Every structure is written in C-alpha cells, then in structure tokens.
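The structure under discussion appears below in the form of structure tokens.
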Amino acid sequence: MKIYAVGGAIRDTQMGLPMHDIDYVVVGSSVEEMLAKGFRPVGKDFPVFLHPQTQAEYALARTERKTGLGYKGFLFHADPSVTLEQDLERRDLTMNAMAQEVSESGALVGPIIDPFNGQRDLVAKVFRHVSDAFAEDPLRLLRIARFAARFPQFTVAPETLEALKAIVQSGELNSLSPERIWQELARGLIADKPMRMFQVLLDTAAAQTILPASLVAQLVQEPAREIMGAHLHASAAVLEQRCAVALMNLPATEIRSWAECIRMPIEVRDFSEIFSELIQFLKMSLGGVFQAIDVLAWFNRADVWRKPERGNKLLQLARKLGFKVDSLILAMQQAQLLNAPEIIATIPLEDKLNGERIRSAVEAARLATITSALNLNN
C-alpha cells in the first residue's frame with residue numbers, strides 16, 4: 001500500500017501558506033490490512049482510520065456515486081483496486097485535487113501528483129471544478145463561497161459558476177443541514193474578505209435560499225455592499241463581531257428567526273441582536289444626544305451589569321464603525337462602578353426585603369449616574 005497527503009495541505013504548501021491538518025489517503029490497501037497494522041476505524045459512511053501513534057485520520061482511496069439528495073446522498077466504494085487518480089477525481093476543485101506521497105517517516109516525498117492541473121489553476125488564481133460530478137454535492141457551493149472569502153484574489157471559472165448555478169436550480173440547497181450551512185458561513189465570515197462570500201452567493205442566486213430576506217435586499221445594492229465591506233474590514237476577525245456587522249441593519253426579530261433556522265450559536269445570536277438594537281438606537285438619537293432613560297434601557301437589554309465585557313465589546317465595535325459612543329462608554333463605566341450594597345443601605349429598613357423596592361433603588365441610582373455622565377459629555 002502507499003500513503004499520500006492530499007487536498008488542502010498540498011494546496012497550501014504550493015501557495016506558501018502554513019500547512020495545518022493533513023488529509024491522508026491510503027491506496028492499495030483494505031480494511032483488514034489497516035486493522036492488522038493497528039489502525040482504529042472511525043468512519044461511518046466510508047473506511048477512515050486513526051493512526052495508532054499520531055491519531056491522524058487515514059482514509060482508504062474511494063469512489064462515489066450519487067444515490068440521493070444532499071451532500072450525504074452518495075454511495076462510496078473503497079477497495080485496493082481504487083487508484084489515487086480516481087480518488088482525486090471525486091474532489092471539488094482542481095487546487096484541492098493534488099497529492100504527494102508520504103514516506104514511512106512521515107515526510108512528503110517525490111513530485112506533486114496533479115492529474116487535473118491544480119497547479120496551473122493556482123498560478124492563474126482560478127477556482128475550477130474537477131468533474132461534472134461537482135454539481136451533485138450542494139455543500140460545495142458554500143465551500144466555494146467560503147474559499148472566495150479566504151482567497152479573495154481568486155475568481156470562479158465560468159464553467160464552475162454555471163455548475164454552482166445548477167446546484168441552486170436543482171433545489172438541493174434545501175437538503176443541507178442547518179449546522180453545515182452555519183459552519184461554512186461562519187468560516188467565511190472570519191476570512192480575509194467576507195464580502196467575496198456574499199458575492200458568490202449573489203452571483204449564483206443562492207443568497208435568496210441561504211440568507212435572510214432583508215440582508216439579501218441590502219446586498220443587491222452596490223452602495224450597501226461597499227459600506228458593509230468597509231464595516232467588516234474595520235471589525236476584528238472574530239465571529240460574533242463579523243456576524244453582528246453583517247446583520248446590523250436587520251431588525252432583531254429577523255435575526256432571531258434566521259438564527260433559529262441555521263442553528264446559530266446562542267452567544268453569537270445574542271451579540272448580533274443586541275448590536276442591531278444599539279445601531280437602531282444610535283441612528284434615532286438626533287445629533288448624538290441621548291436620553292438617560294433610553295441609555296439605561298439599552299444597558300439593561302445588553303445586561304452590562306452581569307456581562308460588562310460584552311457591553312464594552314458592543315460599544316467598542318460601534319465606535320470602530322464610526323458611531324459616536326464615547327458618552328455611552330463613560331456612562332456605562334461609571335454606572336458599573338456603583339456599589340449595590342451601599343445603595344441598598346439607603347433603603348428604609350422595612351423595605352430591605354422588598355425585591356421590587358431594591359430593584360427600583362438600584363435603577364434610580366444607575367439612571368442618576370448615567371444622567372450625570374451624559375451631561376458631562378454634552
């Protein structure tokens with residue numbers, strides 16, 4: 001048997017990028033031989049094994065045949081007769097369909113095996129699909145969109161764009177699990193140029209299926225795309241921030257609805273919703289003049305009392321986008337310094353066990369502090 005490193009590891013090496021996880025393909029072997037060599041089986045749909053020492057994953061070379069809907073609707077065949085080229089042919093892009101042999105010591109040896117001209121497409125900076133079977137897997141559309149965000153200098157080959165459109169027209173995007181949709185979108189959001197991901201989704205008409213309707217309505221307008229691109233660039237490559245920026249002009253109710261559809265993590269959903277409400281609040285505050293009662297209402301919504309770090313991140317993100325929030329930051333910091341026991345000590349003895357009375361006293365103290373801070377900045 002022979003072992004090859006394939007896919008992203010070879011691509012990244014050719015591009016001068018750090019090589020992270022390596023995908024290994026074993027050619028000319030069988031399940032029985034892998035077990036005899038101490039490999040532990042872990043694959044459910046096809047033979048994948050863990051190396052007895054390194055615990056890295058090794059997959060038997062395999063072919064696939066479309067049998068149903070979605071990215072899981074495939075029948076896989078793996079035996080010693082499957083060649084390396086047959087295994088590479090089932091991969092998505094030519095740049096991901098290269099391999100290099102691995103020696104017994106684990107080193108990459110020999111020439112790059114490149115039956116589909118992946119090196120040529122890397123030089124030309126083109127995303128090109130390997131075979132007609134590409135359009136059978138709807139997940140590949142989201143992968144290409146995510147790759148476009150990671151490698152923004154690349155373009156999609158015309159024939160590959162048509163294959164992506166065919167995926168949308170087939171209706172198979174609807175068969176993708178919410179978790180896989182979110183996983184690909186999340187990886188694209190924290191890549192170098194998230195707007196390139198959105199552009200691919202627009203160009204293929206996948207946006208209408210994958211994204212919230214209000215977000216699509218914004219993305220089809222070039223000025224809105226330019227503003228969003230600048231805002232995404234200004235934000236840190238952190239998922240909660242990038243997601244919040246992309247959704248900042250959507251009502252919180254629509255964010256919640258979409259988040260539930262794609263199984264967005266709760267902390268990312270909450271950050272996006274609260275940031276959206278902050279942006280709407282800032283836009284409605286004429287001339288940057290804030291009413292203390294409204295500021296307190298947002299502070300309570302953001303729960304800056306129990307989650308001060310999140311409150312600070314929300315306001316600092318708004319500041320990065322050019323919103324005038326210095327007075328809000330000062331008001332939050334000063335209100336957070338209030339000592340609850342000292343406030344409670346001012347309450348008459350007969351009210352000290354009254355939860356509503358305590359809450360009202362704390363709210364009043366916070367409101368007074370916020371009012372003072374806002375006046376200081378006016």
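The set of residues in region 111-139 being in a helix (DSSP H, G or I) and either of a type outside the set (Lys, Arg) or touching a residue at least 60 places away in the same chain (Cβ under 8 Å) (or both) consists of 118, 119, 121, 122, 123, 124, 132, 133, 134, 135, 136, 139. Residues in region 220-238 that are open to solvent by 50 Å² or more (accessible area, probe 1.4 Å) and of a type outside the set (A, V, I, L, M, F, W, C): 221, 222, 223, 225, 226, 233.
Across region 111-150, the number of residues qualifying as over 17 Å from residue 176 (Cα atoms) and not hydroxyl-bearing (Ser, Thr, Tyr) comes to 26. The set of residues from region 12-58 being surrounded by 14 or more Cβ atoms within 10 Å (Cβ to Cβ), charged (D, E, K, R) and touching a strand residue (DSSP E or B) at 6+ places or on another chain (Cβ under 6 Å) comprises 23, 57. Select from region 19-57 the residues that are touching a residue at least 12 places away in the same chain (Cβ under 8 Å) and of a type in the set (D, E, K, R) and list them in ascending order. Matches in region 19-57: 21, 23, 33, 37, 40, 45, 57.
The requirement of being open to solvent by less than 50 Å² (accessible area, probe 1.4 Å) and part of a loop (DSSP other than H, G, I, E, B) is fulfilled somewhere in region 248-261, by at least one residue.
Where strands (runs of 3 or more DSSP E) fall wholly inside region 1-101, the ranges with 3 or more residues that are at pLDDT below 90 and among the charged types (D, E, K, R) are 63-66.
The values are calculated or read from the model by the stated rules, or taken from the named source; none is laboratory data. If you're wondering where the values come from, they're calculated on a predicted model, not measured in any experiment. Every residue, glycine among them, receives a Cβ derived from its backbone with ideal geometry; neighbour counts consider all protein chains shown. The protein model used for the area step is the full one, side chains on, heavy atoms only, and it has no ligands, DNA or RNA in it. Shrake-Rupley method; radii C 1.70, N 1.55, O 1.52, S 1.80 Å.
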